[in-house]
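Heads up, the thing below is written out as structure tokens.
The values are calculated or read from the model by the stated rules, or taken from the named source; none is laboratory data. What you are looking at is a predicted structure, and each value in this text was computed from that prediction instead of being measured. For neighbour counting, all protein chains shown are included, and Cβ atoms are generated from backbone atoms with ideal geometry for every residue, glycine included. Surface accessibility is based on the protein's heavy atoms, side chains included, excluding ligands, DNA and RNA. Shrake-Rupley method; radii C 1.70, N 1.55, O 1.52, S 1.80 Å.
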Amino acid sequence: DACDSNAERFGQRLSSRLLGHGINFPVLAEHKADLNHVVVAAASIVAKVARDRAIDVLSEEVDIQFGSGYPSDMSTRKALPEMLQSKSGSEALRWSWSTTRVAATELGLSRIDRWGHQRSLDDFIRE
């Protein structure tokens, strides 16, 4: 599935990122791929279940109940101040989301000032 308004560009970016890690694999990105391809629909379900489990583990690790972790979730938004003021919670936040940046600004906090960098996809691929 394409996570960009331009599916071809998304496919090229992903392919380039993978190649940078020595993975040479063709990438086909398209919008609504889960509706057009059964295997993509199945992978989407598997990914959602895996994400939900990872969120449960993360919530236990940081000892903060933050709901789904999506910025539209009121439980997540209500937990932001506590997460921002906790080192382990702050490291778990997605700082690229404006919801996180706005909440941090309201508390006078900065990701750079307090905790260094957020782990990226590249960090996980290297492990």
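A few notes on this one:
- Residue match in the stretch 60-74 (condition: outside any helix (DSSP H, G or I), closer than 22 Å to Gly11 by Cβ, out of contact with any Pro (no Cβ under 6 Å at 6 or more places or on another chain) and open to solvent by 60 Å² or more (accessible area, probe 1.4 Å)): no
- Condition broken by Val46, with the remaining ones in (1) at pLDDT below 95; (2) open to solvent by 70 Å² or more (accessible area, probe 1.4 Å); (3) outside any loop (DSSP other than H, G, I, E, B); (4) closer than 27 Å to Asn6 by Cβ satisfied: (1)
- Number of positions in the stretch 64-79 that are without any contact (Cβ under 8 Å) to a residue 24 or more places away in the chain, more than 19 Å from Arg53 (Cβ to Cβ) and within 16 Å of the chain's Cα centre (by Cα): 1
- Residues satisfying the stated conditions in the stretch 7-50, i.e. of a type in the set (Gly, Ala, Ser) and closer than 25 Å to Gly69 by Cα: Ala33, Ala41, Ala42, Ala43, Ser44, Ala47, Ala50
- Cβ-Cβ under 8 Å pairs, at least 6 apart or on other chains, the stretch 8-28 side on the phi < 0 side of the Ramachandran plot, far side assigned to a loop (DSSP other than H, G, I, E, B) and loosely packed, with under 12 Cβ neighbours inside 10 Å: Phe10/Cys3; Ser15/Phe25; Ser15/Pro26; Leu18/Asn24; Leu18/Phe25
- Here Val27 clears all of (1) assigned to a helix (DSSP H, G or I); (2) surrounded by 10 or more Cβ atoms within 10 Å (Cβ to Cβ) except the condition numbered (1).
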